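**Q** Input: one structure, supplied below.
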Amino acid sequence: MIHDIAIACASHSEAILSANLARSPLLSHVQLHVERNAPTATIAYNRALGATTAPIMVFAHHDVYLPNGWDKLLALRLAELPADWAVFGAFGIGLDGAHIGPVWSSSLGMIVGRAPMYPVPVQSYDEMLIVLRRDAGLVFDETLPGWHMYGTDIAQIARAAGRGAYAGALPCIHNDGYHGVLGPDFAAAYRFIQRKWPQSLPIRTPITKISKSGLHLLRDRWQNRRSAEVREGMAVGTDHPVENLAARCGWSNLGP
Ligand SMILES: [Mn+2]
């Protein structure tokens, strides 16, 4: 191992965990720390930080699968990062709004995000997978409620601390189910980011744009309801073996 890494996960379902993240081949030689029954995502992730010591922490959803060789690819990607990096992600939103990936999304039935030739500075992350460098000293903000937008908040925390937040080509499988309408918990996270980072607005996230007026929240909730049927049709379901999804993407072996 070039980098000493640990995987951290907040899970409410042993079934989802065992069908996805727990099947990742790297777990034969990498620690998996699972936080169960945490009240919020940020509390779960800070608990995981406190319970582990690895210098590189990979925070992954329980419905994420890391294909064979993924840790070797991560080591390559981390070696490409500028010295100021504190956070790295598999899917992020560039400062120009570009979607940076690529990752497989079962809810969308496709590979999403550009495959950049170099690490790209980002303003937010999809929460599916976030890499944190422990010696940057950053922690998640436990005043952020619920299970949304902690990927946006940690990118902003890093940038406000004068550190780099990047995304780059780190393929992985997000075996996520169809997402219903954006609920009040999503709106609460939106308002939180809006209040916390006024000088950074607008901030684009993978789902919406956080603006001063907040009109985008209303617009995107409306469009989200309107497009529910189309989006449900795009989702491929979560019952496909994750190894098969990786194989379909050509990602059965990511190692060099
Ligand atoms: Mn997920």
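**Q** Would you work out the relative contact order for the range 11-165, in percent, from Cα pairs under 8 angstrom that are 6 or more residues apart?
**A** Value for the range 11-165: 27 percent.
**Q** Specify the inter-centroid distance of the range 154-214 and the range 1-58, based on alpha-carbon positions, in whole Å.
**A** Spelled out, the Cα-based centre of one part sits 21 Å from the other.
**Q** Which three lengths, in whole Å and largest first, does the range 108-256 cover when its Cα atoms are put on their principal axes?
**A** Here the spans come out as 43, 42, 26 Å, largest first.
**Q** Can you put TRP70, TRP222 in order, fewest other beta carbons within 10 Å first? Please report the intermediate quantities before stating the final value.
**A** Values: TRP70 26, TRP222 12.
The most exposed by this proxy come first: TRP222, TRP70.
**Q** Under a GNM of the chain (C-alpha, springs under 10 Å), which listed residue has the highest mean-square fluctuation: GLY109, GLY177, GLY162?
**A** GLY162
**Q** What order, most packed first, do the peptides 234-241, 125-132 have when packing is the mean number of other Cβ atoms within 10 Å of each residue?
**A** Highest-to-lowest ranking by the protection proxy: 125-132, 234-241.
**Q** Further question on the same structure: For each of PHE192, PHE59, count neighbouring Cβ atoms within 10 Å of the residue's Cβ, then give the residues from fewest to most. Don't skip to the end; give the middle numbers.
**A** Values: PHE192 20, PHE59 30.
Exposure proxy ranking, most exposed first: PHE192, PHE59.
**Q** What residue among PRO67, PRO121, PRO55 shows peak mean-square fluctuation when the chain is described by a Gaussian network model with Cα springs under 10 Å?
**A** PRO55
**Q** Two-decimal Rg/Rh of the range 11-122 from alpha-carbon positions, Kirkwood Rh? Write down the numbers at each step before the final one.
**A** Values: Rg = 14.9 Å, Rh = 15.6 Å.
We get a ratio of 0.95 for the range 11-122.
**Q** With each run of n ≥ 4 DSSP H residues scored as -39500 (n - 2.57), what mean residue ellipticity at 222 nm is computed for the chain after dividing by its residue count and rounding to the nearest 500 deg cm²/dmol? Can you show the working numbers first?
**A** Numbers: 8 runs with 79 residues, N = 256.
Rounded to the nearest 500, it is -9000 deg cm²/dmol.
**Q** What do you get for Rg/Rh of the range 5-249 when both radii come from the Cα atoms and Rh is the Kirkwood radius? Spell out each step's value before the answer.
**A** Details: Rg = 16.8 Å, Rh = 18.0 Å.
Taking Rg over the Kirkwood Rh, I get 0.93.
Each value in this text was obtained by applying a stated rule to the coordinates, not by laboratory testing. Worth saying up front: this structure is predicted, and the values here are computed from it rather than measured. With ideal geometry, Cβ positions are generated from the backbone for all residues, glycine too; neighbour counts draw on all protein chains shown.
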